[in-house]
Amino acid sequence: MSKPRPRNRPNSHRRKSSPRPHGSGENWLWGVHAVSAALANPNRRMVRLVGTKNGLARLAKSPGRAEVLEPGAIDALLPRDAVHQGLAAKFEPLSPVQIENVIGSGATRVVVLDQVSDPHNLGAIYRSAAAFGFEALILQTRNAPPITGIVAKSAVGAIETVTECRVVNIARALEALNEAGFHTVGLAGEGTAMIEPAVSGAAKLAIVLGAEGPGLRPGVAKACAELARIPIASQMESLNVSNAAAIAFYEAARAKG
């Protein structure tokens with residue numbers, strides 16, 4: 001006589017469904033603002049555009065070769081937790097820009113970042129730079145994140161309007177800016193000047209920000225024409241770097257009138 005089969009017995013031969021793998025997201029941008037701004041940039045060359053029907057409908061102008069995909073299929077192309085809003089596009093990287101190009105372009109307001117490594121902070125700095133009229137953002141080739149979809153999403157399209165420039169040595173880049181007539185102002189807690197007078201009166205201005213915690217490296221701080229600080233309440237040690245950037249950019253824009 002056979003034994004009765006126990007209830008709730010696990011089915012050992014049933015395969016568990018595995019989660020959909022996520023892609024690396026290399027050269028992909030996602031989100032309505034980031035993709036729309038990239039499509040409007042004449043310097044961009046699109047490789048692929050994908051979206052849900054609703055996502056593609058949010059584009060002001062579609063290039064006409066979009067693929068309609070389900071949200072899960074878009075997830076699979078992008079890094080985990082990418083909030084794509086039903087829209088993603090792959091582009092070829094933009095051509096590199098040298099500091100000589102930035103100086104020669106006639107730019108009068110630039111940002112220099114010394115090893116700011118958080119992509120969300122970098123995106124927020126791009127956004128504030130665009131909002132307050134800064135034309136270029138200079139980063140180191142090492143110890144700075146690439147301009148990925150995470151940065152672009154946080155920048156809300158600003159990576160298309162603020163020129164990215166990569167340099168090997170930040171201190172040497174500051175020397176080149178000084179020689180070109182830029183007033184280079186480094187933000188530092190030990191700065192003797194306040195931010196408002198430090199950014200006032202300069203026809204050409206470069207604001208320099210360091211990584212959260214370490215701040216500006218000594219060689220970079222020494223290369224700045226002036227170190228300035230933002231006055232904050234004594235119970236707070238410092239500001240988030242993207243918040244400090246926004247305040248400095250605002251003061252510079254206000255001083256420029």
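Structure above, values below:
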read-out	value
Amide H within-cut-off set for GLN115, under 5 Å, with H built and near neighbours excluded	GLN140
Compactness of the chain - radius of gyration and Dmax, Cα, Å	23.4, 98
Long-range HN-HN contacts of HIS183 with modeled amide H, under 5 Å	LYS204, LEU205, ALA206
Net charge contributed by nearby residues that have their C-beta within less than 14 Å of ASN101 (K/R +1, D/E -1)	-2
The range 136-257, Rg to Rh (Cα coordinates; Rh as Kirkwood inverse mean 1/r)	0.94
GNM result for the chain, Cα springs below 10 Å: residue of THR141, THR184, THR161 fluctuating most strongly	THR141
Dimensionless Rg over Rh [the range 28-91; C-alpha; Kirkwood]	0.92
Unsatisfied cross-links (Cα-Cα over 31 Å) in the set LYS90/LYS222; LYS61/LYS153; LYS90/LYS204; LYS90/LYS256	LYS90/LYS222; LYS90/LYS204; LYS90/LYS256
Contact order relative to length of the range 99-256, as percent, for alpha carbon pairs under 8 angstrom and 6 or more apart	28
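Readers should treat all values here as calculations from the given coordinates under stated rules, not as data from a laboratory. Remember, predicted model here, so these are calculated numbers, not experimental data. Every residue, glycine as well, gets a Cβ built from its backbone with ideal geometry; the counts of neighbours run over all protein chains shown.
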